[in-house]
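Below: the structure, in structure tokens.
The values are calculated or read from the model by the stated rules, or taken from the named source; none is laboratory data. Here the structure is a predicted model, which means the values were calculated and not measured. With ideal geometry, Cβ positions are generated from the backbone for all residues, glycine too; neighbour counts draw on all protein chains shown.
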Amino acid sequence: PPTSPEGPGPMTRMLTGDRPTGPLHLGHYFGTLQNRVRLQHSGAEIFVVIADYQVITDRDIADDLLDHTHGLVLDYLAAGIDPARATVFTHSAVPALNQLLLPFLSLVSVAELGRNPTVKDEIAHSRQSAVSGLMFTYPAHQAADILFCKADVVPVGQDQVPHLEVTRTIARRFNDRYGSVFPEPEAMLSAAPVLLGTDGTKMSKSRSNSIPLSATADETAALIRRATTDADRRITYDPSARPGVSGLLQLAALCQDRDPHAVAAEIGDGGAAALKRAVTEAVNTRLAPIRARRAEYARDLSYVREVLHEGNKRANAVAETTLDEVRAAMGGFR
Ligand code: TRP
């Protein structure tokens, strides 16, 4: 458990990250961003990787990489990540991570890489004509970006659990083979349920059903107006029979820290229009302070660049120390 920075004993180190492919949305906020900020407040040391190299696992080109990278930093700052206590860095700025990949790959078999269910799912949904080597090996690269800082807690969604297993396997095998260097990190799953998007399926950047943190109040209203509902005027929370309506109720409930049944009861026979008005109001109220902070930071990107510069510097120092330890443990490598 996290201990306070003043307290004795080892401090918790948290690492997690995102691919810079677009703005973070409410699913990220309730799924992982809140956990990061909570851990930060409890005194944990925070590392956040912007996984730019991972972008080219399932697409040919990393479009608008710099814009998306800056957008992520703005989302983090707006949500409450404090650069004085958090190291925010990009994969590609830390070459030692790539050097850890090589010994790490020697610790997993081709069969293990091939049976990773998240990788299989990404291959099934990929729009690329061929599956690249990076698609199979990126979970080992992800192990490097978790283990380089000896993280012990990794707040992630359910889809990342197989990758955490790869990371734990690599840590364990490294320690067995060469002597104890790495802790085995634990996944930290959010208590919030998987958020549904405006079409009643899982909220996801790639499905254009998400409500970005950075959307304006009007854009949010427009997104919710287009959401899928049904013709039954009586609003009830019934996720299997009414995914659209229930997804919207869940969203309002999370934004207001309430039970979705209570939100439904309040709307009663008001129908989809009243439901959408209530959800829009709940989302916009909850996000208002976050959006105000984001807009403030977005006015001058030199601060964002500074945060990344400092984060990259710190991440490099930590990664080089770990790489030295790894090479020494393996004997004779430089
Ligand atoms: N694979 C994660 C995603 O697609 C991003 C990521 C990269 C990550 N490195 C990580 C998450 C380390 C947790 C820990 O969202």
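See the values below:
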| item | result |
| --- | --- |
| Answer residue from the stretch 218-230, given it is surrounded by fewer than 15 Cβ atoms within 10 Å (Cβ to Cβ) and touching a residue at least 24 places away in the same chain (Cβ under 8 Å) and is nearest to residue 260 (Cα to Cα) among those | 230 |
| Test: residue 171 is part of a loop (DSSP other than H, G, I, E, B) and either assigned by TED's automatic domain parsing to the domain that holds residue 79 or β-branched (Val, Ile, Thr) (or both) | no |
| Selection count, the stretch 123-168, where residues are closer than 17 Å to residue 89 by Cβ, more than 12 Å from the ligand (Cβ to nearest atom) and part of a helix (DSSP H, G or I) | 0 |
| Residue that is in contact with a strand residue (DSSP E or B) (Cβ under 8 Å, 6 or more places away or on another chain) and over 18 Å from residue 329 (Cα atoms), where the choices are 158, 128 | 158 |
| Test: residue in the stretch 121-130 that is more than 28 Å from residue 179 (Cα to Cα) and crowded, with 19+ Cβ neighbours inside 10 Å | no |
| Condition check for residue 206: polar (S, T, N, Q), in the same structural domain as residue 73 (by TED's automatic domain parsing) and within 15 Å of the ligand (Cβ to nearest atom) | no |
| Answer from 326, 263, 245, 283 - the residue that is surrounded by 15 or more Cβ atoms within 10 Å (Cβ to Cβ), in the same structural domain as residue 175 (by TED's automatic domain parsing) and either of a type in the set (A, V, I, L, M) or within 30 Å of residue 148 (Cα to Cα) (or both) | 326 |
| Search result, residues across the stretch 96-112 that are in contact (Cβ under 8 Å) with a residue 40 or more places away in the chain and of a type outside the set (Val, Ile, Thr) | 96, 97, 98, 99, 100, 101, 103, 104, 107, 112 |
| Verdict on residue 305 being basic (Lys, Arg) and surrounded by fewer than 19 Cβ atoms within 10 Å (Cβ to Cβ) | yes |
